[in-house]
Amino acid sequence: MSTETKLEKQPKKTLQGIIDTDVHHEIKSTRDLLPYMSEHWQRYIRDYGWVPERSIPFNQIRKETKYRMDTRPEDGSTPGSDFNLLKEQLLDKHDMTYAVLTGWFYEASVAKGWYEFAAARASAYNDYTIEQWLSKDKRLLGSITIPQDPVAAVREIERVASHPQMVQVMLPIADFAWGDPMYHPIFEAANRYGLKVAMHLSATITAQGGDFLRYYVAWRSVHPQAYMTQTISLITNGVFDKFPDLQVALVEGGFEWVPFMMHRMDSAYKALRAETPWVKRMPSDYFRDNMRFTTQPWDDLTPKQFLNVIDMMGSEDMIMYASDYPHWDFDPPERTIPGGVSETLKNKILFENARNFYGL
């Protein structure tokens, strides 16, 4: 398709719907997990005061500035922890057809060694999500939180997968690569149950190819590098050759870098394909067929720049809308797609691509 063609005036159409693929529901405190844990594990939170570790030094400094100022509940609790406020500000105000809850309690990134406790917390968080969120609104869809240990992760997927509103397994992007064969049982389990896989940055993400970054602005700028690392890992380790029907969403990593990595990987593959004989297709084919990317964080692209990115991707089906509610850089659907883009393409990004991805 050409940019000029796509920028031509199109007949006005009504949006088919809106699907938000990144909504961060929160817990007010770790004590919200206690009703869903055995007495053995409750004591580590109730009596010993366990809280998630945060390795990023500026994360605690700026914790009160992570959110939109109007998203804090009246009782002063954590933004994103009140269903009624989220319903009012997001689901109802923007007339959402569906919203995918991605949380922020990523056990696979916060646990270092004590996998039994991490598995108990992941199970509790999934049960909390089902009872306190999914049961209250059919528009909400869930993500299965898992521990890093593959055996425990598969066990949790098998436990929760049958819930009709659980649509994906959440893998945090941290300081290890998910394409490693030791994690392939997780992809097998997700694929077996017809679940998608989502990858989202986590609090433990570090710079790829350098020391830990000192400032939030630097950490935010480096996010695409971490997503590049994960996509390269998935493809070169043969995840999509083992599981050709598996689909992965890379959430809150942007999309402008995708054409660059598609072309760079294709170039490397042509010269070095003998090194990974289990990879049977051009890397760009896996990008188009097995991976999806989200609009958030949205950069200020002109319509022409935006359509050039899609032209270089070679597909209109790879980008899905994400708001990142309730964070400070929340992107409302009506302001996400640049003006001048056809209604057909706008519908794909705001609705159709996610509907097809999740099989809704």
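Coordinate-derived values only; no laboratory data. Note that the structure is predicted; figures quoted are calculated from it, not measured. Note that each Cβ is placed from the backbone with ideal geometry, even for glycine, and that neighbours are counted across all protein chains shown.
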Shape of the chain, Cα gyration tensor, a/c cut at 1.5:
oblate
For residue 334, what is the net charge nearby, where nearby means another residue's Cβ is under 12 Å from its Cβ and Lys, Arg count +1, Asp, Glu -1?
+1
Using modelled amide H (1.01 Å from N, peptide plane; none on Pro or chain starts), what sits under 5 Å from the amide H of residue 319, excluding residues fewer than 5 places away?
293
Of the listed links 28/348; 28/242; 138/348; 138/280; 136/348; 87/196, those spanning more than 30 angstrom between alpha carbons are 28/348; 28/242; 138/280
Running a GNM on the chain with Cα contacts under 10 Å, which residue among 194, 76, 103 ends up with the highest mean-square fluctuation?
76
Just the number, please: percent antiparallel of the DSSP beta bridges in the stretch 3-358, rounded to the nearest 5.
5 percent
Give me a comma-separated list of calculated 3J(HN,Hα) values for the stretch 79-96, in order, Karplus coefficients 6.51, -1.76, 1.60 applied at θ = phi - 60°, integers in Hz, x for any Gly or Pro.
x, x, 9, 10, 4, 4, 5, 4, 4, 5, 7, 10, 4, 7, 4, 9, 6, 5
If amide H atoms are built 1.01 Å from N in the plane of the peptide, which residues on other chains or at least 5 residues away come under 5 Å of the amide H of residue 169?
144, 196, 197, 198
Distant-in-sequence amide H partners of residue 67 (H built 1.01 Å from N, under 5 Å):
328
